[in-house]
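Comments concern the structure below.
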There are 2 protein chains.
Amino acid sequence: MADVVIEPYNIRVSGEAGERLYDILKRAGVPFRTECGGRGLCGKCRLIIRSGNVTPPTEREIRLLGEDLVESGYRLACQTRIQGAVRLLVPLETRVGSLSVAYSGLARSAPLSPIVRKRLVDVQQPSLEKPLADADSLLASLNGERLDFGVEALRELPRALRRGSWRVTLSIWRGSRVIRVEPGDTTPENLGIAVDVGTTKVVVHLVDMNTGRTLGGVFSENPQVVYGDDIISRLRAALDNPKALEDMRRLVTGTVNNLVRTLLVDSGFASSEINAGVVVGNTVMHHLFLGVDVSGLSFSPFVPSFARPLELPGASLGLESVRMVYFPPVVAGYVGSDALADVIAVGLHLEDSPSLLVDIGTNTEIVLNTGKELLACSAPSGPAFEGGHIKYGMKAMTGAIASVSIEGDVVQYSVIGGVKPIGLAGSALIDAVASLLDSGILNERGFFNRDSSRRVRKSGEGEWYEYVLVYGEESGTGEDITVSEKDISELRLAKAAIASGVRTLLEHAGLDAGSLEKIYVAGSFGYSIRPENAARIGLLPDVDPSLVKQVGNTAIEGAKLMLLSEDMIAEALRVAREMKYVELSASPYFRRHFAKSLRLG
Amino acid sequence: MADVVIEPYNIRVSGEAGERLYDILKRAGVPFRTECGGRGLCGKCRLIIRSGNVTPPTEREIRLLGEDLVESGYRLACQTRIQGAVRLLVPLETRVGSLSVAYSGLARSAPLSPIVRKRLVDVQQPSLEKPLADADSLLASLNGERLDFGVEALRELPRALRRGSWRVTLSIWRGSRVIRVEPGDTTPENLGIAVDVGTTKVVVHLVDMNTGRTLGGVFSENPQVVYGDDIISRLRAALDNPKALEDMRRLVTGTVNNLVRTLLVDSGFASSEINAGVVVGNTVMHHLFLGVDVSGLSFSPFVPSFARPLELPGASLGLESVRMVYFPPVVAGYVGSDALADVIAVGLHLEDSPSLLVDIGTNTEIVLNTGKELLACSAPSGPAFEGGHIKYGMKAMTGAIASVSIEGDVVQYSVIGGVKPIGLAGSALIDAVASLLDSGILNERGFFNRDSSRRVRKSGEGEWYEYVLVYGEESGTGEDITVSEKDISELRLAKAAIASGVRTLLEHAGLDAGSLEKIYVAGSFGYSIRPENAARIGLLPDVDPSLVKQVGNTAIEGAKLMLLSEDMIAEALRVAREMKYVELSASPYFRRHFAKSLRLG
């Protein structure tokens, strides 16, 4: 193992000889630009090697960077392996300082009443005649405001008072608890973070709590992926071995620490601390982040350890530079605080006619405002939309077909990054199936009409047929890119899970899809689909496409609203308490709907 | 640096090659028997070397242990130096399992209402129809009792419920907060610790909170001694370098961890956790234990950061196996929670006629119950009573003269351990001065009447005289053991600080010493003195000796009372609020009394 120091963040991680810098940066949770996912295609993951031993430049690097850059120390993270201790710099152009739209979302605005406010206080000095403890001197200077003190504040209070010549700035958590004391007037700086812990991605936004402005946002892979891509593998790991639970906790908090550090450095707050964080996530991520045992989440009836909100000092969680962290309530074992944040961000609970929110992922959270109450469920949609179990499926990155339209034998498509295609993103799979249905090439049970197109052929792998989207001569790999009946079967299972969840909630409310006046589609996958095609294959209810709002990452936006507004925290508590959870596996309607929903369209 | 593993506690520390096991054990905070302070005299610090390289046995060891024992692996810690990694066993006879009277004290009894109580609960299982979160299922099973949950309890709740087949034992902190959940019925075991953090010594008692029984008590040197013997050096270290503060915090909590581990192992609770701790100490020790900045304590007017009580999870302090810790309030910069515990233990506040408590140390806390109110002050008595600045002064250990009486040229004395004397303990110094006064050999200004005894002679070191207590032929070192005018001058300063503190409090109350109906003398030094001699030299008010109660370590006893009784916690809060602190340096009476008190008797 060798030390790798990542400048300008001064993050130190261990790497093994032979390991790619790309993987080391990922593991460290340092966000950096890449469009091809580390395949040496996009040339975006540029680093500068400051010192240390790495493998020599590859031909591909010289082609993508040019000899001049390579000679001056530039390398591509995906092409460079360490051979010992290395110190490197992530240059400005490689940093992910700006927000990718997929990792922020639409949100309503809220009155600014942040979770931490600052207050400047002039404190009366103690004397031999009146030798008050510092905390009592401070309280006596507050004109009767009643505050208590966190131990961190008590630790630094004496020094701050004396360094600040008895003028200090308090950071006050939730209107009642002093969590920080700084010498002098530091009221202009009041930083907070919103954190969305997804199974796949961790997103952090840095926020100025005085103004409500977002200062930056970054994301990184959830490093718990070493215990498995999906929630089930991670639950199993935590059950089998209590150390895995603690390890997963450390991994994700370590990543948040590193993301925060990069945000602070990139926003010019290198030496600052964060006053507050709001962390949302699905219930498993929520438990793992807190180090809470997950045995209740692993077996039916899938209940969390607790559903209520929680407040903790960041230090107690290993979040080194965050004073206090608020965890909004979760709703159920598979409806987490991320779904609650979605609702808060779009204001679903405020609609007075029926409206729906769908946050599509490997688990899809569905919330229905019936016009009178909120119903929520979780549908096990699986990884098909992210390319899982789809032969040429892939995530939406360079080389992925993003959209497709098919008329008979004519296929038109667009590729992310403008390169030759190597696979297709979930959105393109939906497009393809919708077009194939419209063209009469595919029937609603998911089988090809074998003579409907010369692109339809028997699969080389088994007793099913496939449609050739891109022939080898056009593709980036030389291979044909196809959509098979087997792929479509996976898609059908995924979309049936979601559609039958929606139908079950509607039936519980005695509504039909036609009564829906708004459909919010949340999440980064949801942001990339074409709603008419999603409706065409039956993924979304068949409503006027103008009623569908693609709102992006509303989980992070909801978390941010709670950071910035006590009113939003209070609303979220009300919503969580009032939301009715519908357990699909216990619903009399679900099985019937699921079977029907397997039909395409 | 090499690893030293200390069995049976499985404590692991680093030692340097050449370092004595004696010093390594001290540093680790592992209590062990020694009477001579590591000078190879008493033969008590026996260890068994299990494996590893150490220096060969010395002649002294072979003499003290015998060849048989040495051959079977026994060594003396003070004679053995490590030469690499070592695994050793502290054998039963070397363990300090029983209470030395000096480290416990007298205390009144209190109704048992411990700071943590246990409760067995049968919990209704959740179902698909009613998928309640575990915490909500638990609350629903409590017949309306309102409890909240610490995060540690939430972490283990799901597993405990399922392992215990929905029967669990709650540990409830202060009647309202669940801090621990264990599967099945564990109500019989409910452990707590009382901790007295002194500048010199750390004392820990293990308590069964169900019965109030003390299961064991151990003590160790306060390892902060590496930053200086006295409070002033430690304050200076913490001020100069913030890392020193953190380091001192870690040192002392590490020692408490090790003491707790030895107590648990020695009491047969090897795998247990501690539900609660109550920690008392002088205000500087209190701040250092909590990692609180000490700048307010370092400069006049010497104020603490805060005076109120504090409750914290042990984990947040690095107390690995202690769930929650209660820190009683401190009274002032130099009257800590140890003095408050003294008052609680003896019930000073309950007396309805004038009574006094004096806890003698390098700072001496004095509390006067005037019959109507409590006055407290702190007197800077210095280290003379522990042998500091006294030529032949030493702590009360093997070889120290413990008591003396002198008539003319005839000196009678007793020596701790029954060996030849090598110095004199503080108690003997008081005895000697009292006898010398009575014999007319010494006058009240601290000077010898030069021709009053043939043992009086001019000191070889300067312009002062000395009295030969023990001639070289009788002493353990071959040197004469003397008491000089210079030594007596140090003693006068120390006793004057205490006496003038007492007089100042009495004058504030408009009382004179004759009105005192009880004098409690607390602390281990106070336990060893002869009250009539302490009164003779003017250290204690001149009252009927039967009014003087030597009560030992009442600080640890007061801490224990708070662990065992919410009533005692409430009483202590009241006492702390009502006690009036008198700052001696601001008192108009103090200077006058100090000058007068320099006279002996």
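Quick look at the numbers
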quantity: Those residues of segment B:521-551 whose amide nitrogen sits under 19 Å from the label point placed on B:Trp464, 7 Å along Cα→Cβ; calculated: B:537-539
quantity: Over 30 Å (Cα to Cα) - which of B:Lys201/B:Lys549; A:Lys201/A:Lys580; B:Lys420/B:Lys560; A:Lys26/B:Lys243; A:Lys560/A:Lys580; B:Lys201/B:Lys486 fall in this group; calculated: B:Lys420/B:Lys560; A:Lys26/B:Lys243
quantity: GluC sites (Glu not before Pro) restricted to DSSP loop in segment B:358-429 with at most 14 other C-beta within 10 Å; calculated: B:Glu373
quantity: Label 7 Å beyond Cα on the Cβ vector: B:Arg574 copy-to-copy distances, nm; calculated: 4.4
quantity: Helix-only [θ]222 nm of chain B, DSSP H runs n ≥ 4, -39500 (n - 2.57) each, per residue, nearest 500; calculated: -9000 deg cm²/dmol
quantity: Neighbour count of at most 14 Cβ within 10 Å plus DSSP loop: longest trypsin sites (Lys or Arg not before Pro)-free window in chain A; calculated: A:214-371
quantity: Closest Cβ on chain A to the rotation axis that carries it onto B (distance rounded to whole Å); calculated: A:Ser316, 3
quantity: Rounded accessible area of B:Phe269 (nearest 10 Å², 1.4 Å probe); calculated: 50
quantity: Qualifying GluC sites (Glu not before Pro) for segment B:120-228 [loop in DSSP, other Cβ within 10 Å: at most 13]; calculated: B:Glu129, B:Glu145
quantity: Gyration tensor (alpha-carbon) shape descriptor, the protein assembly as shown, a/c threshold 1.5; calculated: prolate
quantity: Of A:Ser271, A:Pro301, A:Thr211, farthest towards positive along the dipole that unit charges on Lys, Arg, Asp, Glu beta carbons give segment A:193-327; calculated: A:Pro301
quantity: Percent accessible area from carbon and sulfur atoms, the protein assembly as shown, protein chains only, probe 1.4 Å; calculated: 48
quantity: Dimensionless Rg over Rh [chain B; C-alpha; Kirkwood]; calculated: 1.01
quantity: Where B:Phe385, B:Phe302 fall by accessible area, highest first, once all protein chains stay in place (1.4 Å); calculated: B:Phe302, B:Phe385
quantity: Area buried, chain A against chain B - accessible surface, total, 1.4 angstrom probe, square angstrom; calculated: 3400
quantity: Accessible surface, per residue, of segment A:392-480 when the full set of protein chains is kept, probe 1.4 Å, Å²; calculated: 45
quantity: Among B:Gly40, B:Leu312, A:Ala237 - extreme Cα towards positive end, dipole of the protein assembly as shown, charges at beta-carbon; calculated: B:Gly40
quantity: Virtual paramagnetic centre 7 Å along Cα→Cβ of A:Phe299, amide N under 14 Å, in segment B:155-195; calculated: B:158-167
quantity: Fully extended contour minus Cα-Cα distance, from B:Ser233 to B:Ser14, at 0.36 nm per residue; calculated: 76.3 nm
quantity: Proximal aspartates and glutamates to B:Lys458, defined as alpha-carbon separation beneath 12 angstrom and excluding residues fewer than eight positions away on the same chain; calculated: B:Glu466, B:Glu485
quantity: Solvent exposure ordering (accessible area, 1.4 Å, most first) of B:His205, B:His389, A:His508; calculated: B:His389, A:His508, B:His205
quantity: Solvent exposure ordering (accessible area, 1.4 Å, most first) of A:Cys377, B:Cys42; calculated: B:Cys42, A:Cys377
quantity: Teacher prompt: A:Gly228 distances to equivalent labels in other copies, 7 Å Cα→Cβ, nm; calculated: 5.7
quantity: Per-selection metrics, segment B:116-183 (Cα): Rg and Dmax in Å; calculated: 10.9, 35
quantity: Efficiency of FRET from Cβ geometry, B:Lys243 and B:Ala140, R₀ 56 Å, rounded to 0.05; calculated: 0.70
quantity: Spin-label pair B:Leu350/B:Ile48, simplified geometry with 7 Å Cα→Cβ offset, distance in nm; calculated: 4.7
quantity: Exam field: B:Arg592 pseudo-label spacings to other copies (7 Å along Cα-Cβ), nanometres; calculated: 9.9
quantity: Efficiency of FRET from Cβ geometry, B:Asp567 and A:Asp122, R₀ 30 Å, rounded to 0.05; calculated: 0.15
quantity: C-alpha long axis of helix A:242-266 to longest principal axis of chain A, angle in °; calculated: 80
quantity: Sites A:Glu7 and B:Ala595, calculated FRET efficiency, Cβ-Cβ separation with R0 60 Å, nearest 0.05; calculated: 0.35
quantity: Solvent-accessible area lost in complex, 30 Å² minimum, residues of segment A:108-129 relative to chain alone, 1.4 Å; calculated: A:Leu128
quantity: Where no second cysteine Cβ lies under 4.7 Å, the cysteines concerned in chain A; calculated: A:Cys45, A:Cys78, A:Cys377
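The values are calculated or read from the model by the stated rules, or taken from the named source; none is laboratory data. Here the structure is a predicted model, which means the values were calculated and not measured. No Cβ is skipped: glycine too gets one built from the backbone with ideal geometry, and neighbour counts run over all protein chains shown. With ligands, DNA and RNA removed, areas are computed over all heavy atoms of the protein, side chains included. Shrake-Rupley method; radii C 1.70, N 1.55, O 1.52, S 1.80 Å.
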